[in-house]
Amino acid sequence: MRIAYFVTPHGFGHAARAAAVMVALQEIDPAVQFDIFTQVPHWFFQDSLVRDVHYYYVCTDIGVVQTTALHEDLPATVRRLDSFFPCAGALVTTLAALLRSAACTLVLCDIAPLGLVAARAAGVPSVLIENFTWDWIYRGYVQEEASLTRHIAYLQSIFAAADYHVQIEPVCCPCPADLTALPVSRQAQRSRQQTRAQLGIPVQAPAVLLTMGGIPESYTFLSQLQQHRDTCFVVLGAGDCLEQHDNVIVLPYRSTVFPPDLVHACDAVVSKAGYSIVAEVYHAGVPLGYVRRERFREGPVLDAYIAAHMHGIAMTEPEFHSGAWLSCLPELLALPRQPQRETRGAEQVARFVHGLVRNQYSP
């Protein structure tokens, strides 16, 4: 069984939840193979334990051009959108031929519009999987960048043409869908004790994970962490190799430690409020110190979900960059850990998708 998966390259968050769905599908049916179309590195899916992958490096989406994990470049976004849309006919023809030659039975799209266009051209059913779509995001920027308006209607028509529609909580723009699932995240592979032993973190020491997702970000407060000697800090993506400076462990984005294992091994997480980290923390049940992203339209939706379903402390971007958030560290670590969630969104989506390809799904 071959299934194509088109994934937006906007950070690693969408790829993380796509990988979670793929792994869940292969747990249901080990015979499932995936043709992945994206610019997210091949290793990301390998490290996320997706098996039997045919990988195609192709730009499937523009999304929003980011200068940092917290800042967007709207003029650059418009320039790239203008050069990418409407989808090039030759590229669509090539992708449609690939889908047919691979005998893909279904095309899944994590908000990558090119996949929906290619699926239609190939005559293969498509599934849109989203907690937001780009036309909805762009509407939040039109007062700053009116040129985005010309892409909104075009993208809206593409997303509306999907044969099936799956929404994943926290949903930004609820609408009638074939399935609404709980947050989707990758599962930890090791126990808390195993991961701590691997990193040399004492069993009883409080530990905090810092991560800003798959977009590089400078951490100007690293020296301040060493002043909190009773707490171990694991900083993901702040270096090119594993380094340890007293109570601070720096890891590259690709390390020997699976990121969901880090979430489960720590007593709190400090991060921007992005989808994948929110979903992973939600399922791990640990407290979250999160940087508000009010300018990005998804931000307030995630903030509200955290407030309603999780334990967390919000901080502003200046508080994060200056290290002022460290004054709230005792309060963050004192928040109770929640029980791990029994039902996982990845399994809900996987069962739905497997039912489609087997023609056995009934809501």
*Roughly speaking, what is the centre-to-centre gap between the range 12-81 and the range 217-238 when only Cα atoms are used, to the nearest Å?*
28
*Name the residue farthest towards the positive end of the dipole of the chain from the options ALA90, TYR275, LEU155, assuming +1 on Cβ of Lys and Arg, -1 on Cβ of Asp and Glu, about the Cα centre.*
ALA90
*Take TYR164, TYR5 and order them by how many other Cβ atoms sit within 10 Å, fewest up front.*
TYR164, TYR5
*Report Rg/Rh for the range 154-231, rounded to two decimals, where Rg is the Cα radius of gyration and Rh the Kirkwood radius.*
1.17
*With contacts defined as alpha carbon pairs under 8 Å and 6 or more residues apart, what's the relative contact order of the range 192-334 in percent?*
21
*So what's the angle, to the nearest 10 degrees on a 0 to 90 scale, between helix 345-358 and the longest Cα principal axis of the chain?*
20
*Ratio of Rg to Rh for the range 125-176, alpha carbon only, Kirkwood?*
1.01
*By its C-alpha gyration tensor, with a ≥ b ≥ c as the square roots of the eigenvalues, how is the range 50-96 shaped: rounded for a/c under 1.5, else prolate for a/b larger than b/c, else oblate?*
oblate
*Hey, got the dipole for the chain? About the Cα centre, +1 on K and R Cβ, -1 on D and E Cβ, debye to the nearest 20?*
560
_What percent of all Cα-Cα pairs in the range 201-260 falls into each 5 Å bin, going from 0 up to the bin containing the maximum distance?_
4, 18, 31, 27, 15, 4, 0
*Ignoring the sites themselves, what is the longest stretch of the chain with no GluC sites (Glu not before Pro) in a DSSP loop and at most 15 other beta-carbon atoms within 10 Å?*
146-293
*What is the ratio of the Cα radius of gyration of the range 196-314 to 2.2 N^0.38 Å, where N is its residue count, to two decimals?*
1.02
*asked:* Just to be sure I understand: of the beta bridges DSSP finds with both ends in the range 202-334, what percent are antiparallel, rounded to 5?
replied: 15
*Average Cα contact separation per residue, the chain, under 8 Å, 6 or more apart, as relative contact order %*: 16
_the chain: antiparallel DSSP beta bridges as a percent of all, rounded to 5_ = 10
_Interchain or long-range residues, amide H under 5 Å from LEU106's placed H_ = ALA4
*How big is the chain on each of its three principal axes, counting only the C-alpha atoms and giving the largest first in Å?*
59, 47, 36
*Once the Cα atoms of the range 243-284 are picked out, what are the Rg and Dmax in Å?*
11.1, 31
_Can you compute the helix-only [θ] at 222 nm over the chain? Use -39500 (n - 2.57) per DSSP H run of at least 4 residues, normalise by all residues, nearest 500 deg cm²/dmol._
-11000 deg cm²/dmol
_Between helix 113-122 and the chain, what is the angle of the helix's C-alpha long axis to the longest principal axis, kept within 0 to 90° and rounded to the nearest 10?_
30
_Output the 0 to 90 degree angle, nearest 10, between the alpha-carbon long axis of helix 89-101 and the longest principal axis computed from the alpha carbons of the chain._
90
*Prolate/oblate/rounded call for the range 33-119, Cα gyration tensor, a/c under 1.5 rounded*: oblate
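A short reminder: the numbers here are calculations on the coordinates, not readings from a lab. All values derive from a computational prediction rather than experimental measurement. Counting neighbours? That spans all protein chains shown, and the Cβs are built from the backbone with ideal geometry, glycine included.
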